[in-house]
Amino acid sequence: MKRVLFITGIDVASPNIKGGGAMIAKRNYELISLFSDVTLVAPPKKTNILNKIGKFLSCRICFTNKEVRAILHLAKSGDFDIIYLDQSFHGNLLKKLKNLNAKKITFFHNVEVKYFKDVEKKLVRIVRKNEQSAVQYSDEIIVLNNRDRLGLIREYPLVNTKKIHFLPITLKNTFIENENQIETEEENNKKIGLFLGSFFPPNYNGIKWFVENVAEKTNADYYIVGKGFESVREELSRDNVIVIGETDDVASWYKKVDFIVSPIFEGSGMKVKTCEALMYGKTIFGTDEAFEGYELDFNLVGDLCNTTNEFVEKINFRLDNNLIQKQNGYNREVFLTKYEDIIAIQKFKEVILDKEVE
């Protein structure tokens, strides 16, 4: 059994993981642990302002100097077969371990330098320096889709493309069809749309645009659910838009609603919420960005919408013709055949065990 040192900036051992990137990091840890002897290195739950300043000055995102020294000591003394880096902005660690006789693998959740240009410009220099080291010193690189592969080549032209592998977002199948379905209908028989995601710039910008340009032009009610959105409840609420904010029961919302809206125009990587909606068999109206990396028939998944007119016309057409049901069988089947965790297990085995697995 391969011995793997799994390094991440996310507390993947926590049972209360939230957010798309955190969910995928937890998936990676749990699936690799199924066939490897994994030692986990994750950050402490709390930090202070001095640690944050120290990380910034030393060109790092997550770990303090003390933590870096401990990681390096563990890596050099632990006789590991694999050094696995989950998140490319910890690449400074691989640079310091470049002479270690272990395979080095980095999982790219995004092309991070592009992501940080959109959401945290002041950290771009730090991110680029670390990501460059991850690209240079990794023996194998895992990306979510071809866009990220091309993004790496564009940002880091010297990357060895032969060491890049594709592994899309997948999820554990936690939805049991026809069990505890919530079949409530509004008194006015309106269909219910859902936007689900945490409050950060791409999500906020997208749903704000949808509320201001689309929602009131369709004959549906909408719920906005996700941590942080309670802070903009007054701003986004409309006659047919209800802002819920944080929830401890995401599953009940997927079961309650009829369809999903995903008006996302910014970002990198793939969207976990798209995969989640497929798992629950929900019709999805989304942008190119929302569907990036997924292999889908847009006429069956719901529809591809990138403008106000496209969202309004396509949602209303399906509403008016009663083409939206609580269960979209095509989406459920796509999830089970392409985006369920068994696919990720196979790919991890290929990369870590150095062989194809049937």
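The values are calculated or read from the model by the stated rules, or taken from the named source; none is laboratory data. All values derive from a computational prediction rather than experimental measurement. Here the Cβ is made from the backbone with ideal geometry for all residues, glycine too, and neighbour counts use every protein chain on show. The area values use the complete protein model at the heavy-atom level, side chains included, leaving out ligands, DNA and RNA. Shrake-Rupley method; radii C 1.70, N 1.55, O 1.52, S 1.80 Å.
Can you list the helices (runs of 4 or more DSSP H) lying wholly within the stretch 281-331 that have 2 or more residues being open to solvent by less than 50 Å² (accessible area, probe 1.4 Å) and in contact with a strand residue (DSSP E or B) (Cβ under 8 Å, 6 or more places away or on another chain)? Steps first, please.
Numbers: elements: 288-291, 298-301, 308-320.
The helices (runs of 4 or more DSSP H) meeting that bar are 288-291, 308-320.
Here is a yes/no grid of residues against (1) free of Cβ contacts under 8 Å to residues at least 60 places away in the same chain; (2) in contact with a strand residue (DSSP E or B) (Cβ under 6 Å, 6 or more places away or on another chain); (3) farther than 18 Å from ILE352 by Cβ; (4) not acidic (Asp, Glu):
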residue	(1), (2), (3), (4)
TYR84	no, yes, no, yes
ASN92	yes, no, yes, yes
ASN99	yes, no, yes, yes
LYS104	yes, yes, no, yes
VAL119	no, no, yes, yes
SER133	yes, no, yes, yes
SER138	yes, yes, no, yes
GLU155	yes, no, yes, no
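Taking the residues in the stretch 85-110 that are assigned to a helix (DSSP H, G or I) and open to solvent by 10 Å² or more (accessible area, probe 1.4 Å) as candidates, determine which candidate is nearest to PRO168 (Cα to Cα).
Step by step, filter the stretch 85-110, then rank; the result is PHE89.
Give the stretch 13-47 a look and list any residue that's outside any strand (DSSP E or B), touching a strand residue (DSSP E or B) at 6+ places or on another chain (Cβ under 7 Å), modelled with pLDDT of 90 or more and more than 19 Å from LEU353 (Cα to Cα), or say none.
ALA25
Any idea how many residues of the stretch 245-280 are in a loop (DSSP other than H, G, I, E, B) and either under 18 Å from the mean Cα position of the chain (by Cα) or not aliphatic (A, V, I, L, M) (or both)?
So the count comes out to 15.
Within the stretch 153-173, how many residues turn out to be open to solvent by 80 Å² or more (accessible area, probe 1.4 Å), closer than 23 Å to LYS26 by Cα and not in a loop (DSSP other than H, G, I, E, B)?
Summing the residues that are open to solvent by 80 Å² or more (accessible area, probe 1.4 Å), closer than 23 Å to LYS26 by Cα and not in a loop (DSSP other than H, G, I, E, B) in the stretch 153-173 gives 1.
Of all residues being at pLDDT below 95 and among the acidic types (Asp, Glu) in the stretch 240-273, which is farthest from GLY193 (Cα to Cα)? Just the residue, please.
Among those residues, the one meeting the criterion is GLU266.
Looking at GLY226 and the list (1) under 24 Å from VAL334 (Cα atoms); (2) in contact with a Leu (Cβ under 8 Å, 6 or more places away or on another chain), which single condition is not satisfied?
All conditions pass for GLY226, except number (1).
Quick test for you: out of ILE7, ILE71, ILE82, pick the one residue that is at pLDDT 80 or above, at negative phi, within 19 Å of the chain's Cα centre (by Cα) and open to solvent by less than 40 Å² (accessible area, probe 1.4 Å).
Only one candidate qualifies: ILE7.
Under 9 Å between Cβ atoms, at least 6 apart or on separate chains: pull out the pairs that start in the stretch 331-343 with a residue that is without any contact (Cβ under 8 Å) to a residue 60 or more places away in the chain and end on any residue that is open to solvent by less than 10 Å² (accessible area, probe 1.4 Å) and among the hydrophobic types (A, V, I, L, M, F, W, C).
These pairs meet every condition: ASN331/ALA277; ASN331/LEU278; ASN331/MET279; ASN331/ILE284; ASN331/VAL301; VAL334/LEU278; VAL334/VAL301.
So in the stretch 333-358, with the set limited to residues that are over 19 Å from the mean Cα position of the chain (by Cα) and open to solvent by less than 70 Å² (accessible area, probe 1.4 Å), which one is nearest to THR170 (Cα to Cα)?
Ranking the qualifying residues of the stretch 333-358, first place goes to GLN346.
Do we have any residue at all in the stretch 269-276 that's open to solvent by less than 50 Å² (accessible area, probe 1.4 Å), in contact with a strand residue (DSSP E or B) (Cβ under 6 Å, 6 or more places away or on another chain), touching a residue at least 40 places away in the same chain (Cβ under 8 Å) and on the phi < 0 side of the Ramachandran plot?
Yes.
Looking at SER198, SER237, which one is at pLDDT below 95 and open to solvent by less than 60 Å² (accessible area, probe 1.4 Å)?
SER198
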